[in-house]
Amino acid sequence: MPIDPETLVDGLLAGNTRSMARAITAIENRAPESFAMLRRLYAKTGGGRVIGVTGSPGVGKSTLVDRLAAAYRAEDRKLAIVAVDPSSPFTGGAILGDRIRMSALTSDPEVFI
């Protein structure tokens, strides 16, 4: 089923998490409509912060991200967390299951993991 990029971007900008998830998937898969979405979304960018967290397994990356997210939510900010393992031998960038370790955040509608 083809994705209408305009409808998807409208939903994403309205805060619809399903639209956000579909847009991320389309962009990640380099679907033809993803370029139209990125062109439209680019004008809306620039107000967010990007924080990268890296380290060896078991050093507390998920705990740190969980605490950072809680601090941002205490300031009533919305946030998205993208957890990726760039060393995946299959894809070169597997989405991690860290949301399991961030269970307090998964029920917060203002946090997208």
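The values are calculated or read from the model by the stated rules, or taken from the named source; none is laboratory data. Just so we're clear, the structure is a prediction, and the values are computed from it rather than from any experiment. Positions of Cβ are backbone-derived with ideal geometry, glycine not excepted, and every protein chain shown enters the neighbour counts.
Do you know which residues across the stretch 1-29 are exposed (fewer than 11 other Cβ atoms within 10 Å of the Cβ) and under 20 Å from Glu110 (Cβ atoms)? Once the filter is applied, which keeps residues that are exposed (fewer than 11 other Cβ atoms within 10 Å of the Cβ) and under 20 Å from Glu110 (Cβ atoms), the stretch 1-29 yields Ala14, Arg18.
Among the residues of the stretch 30-48, write down those that are assigned to a loop (DSSP other than H, G, I, E, B) and surrounded by 10 or more Cβ atoms within 10 Å (Cβ to Cβ). Full working, then the answer.
Step one: of the stretch 30-48, the residues assigned to a loop (DSSP other than H, G, I, E, B) are 30-31, 43-48.
Once the filter is applied, which keeps residues that are assigned to a loop (DSSP other than H, G, I, E, B) and surrounded by 10 or more Cβ atoms within 10 Å (Cβ to Cβ), the stretch 30-48 yields Ala31, Lys44, Gly48.
Selection of the stretch 1-14 for residues being free of Cβ contacts under 8 Å to residues at least 24 places away in the same chain and not polar (S, T, N, Q) yields Met1, Asp10, Gly11, Ala14.
Looking only at the stretch 49-80, how many residues end up being of a type in the set (Val, Ile, Thr) and surrounded by fewer than 10 Cβ atoms within 10 Å (Cβ to Cβ)? The total comes to 2.
Quick check on the stretch 49-60. Is at least one of its residues part of a helix (DSSP H, G or I) and at pLDDT below 85? Please lay out each step first, then the result.
Step one: list which residues in the stretch 49-60 are part of a helix (DSSP H, G or I), which gives none.
The answer is no, given that none of the residues of the stretch 49-60 is part of a helix (DSSP H, G or I) and at pLDDT below 85.
In summary, Pro89 fulfils each of the numbered conditions (1) at pLDDT 85 or above; (2) more than 21 Å from Thr17 (Cβ to Cβ); (3) not in a helix (DSSP H, G or I) with the single exception of condition (1). Residues that are assigned to a helix (DSSP H, G or I) and more than 14 Å from the chain's Cα centre (by Cα) within the stretch 61-81 comprise Lys61, Ser62, Thr63, Leu64, Asp66, Arg67, Leu68, Ala70, Ala71, Tyr72, Arg73, Ala74, listed in sequence order.
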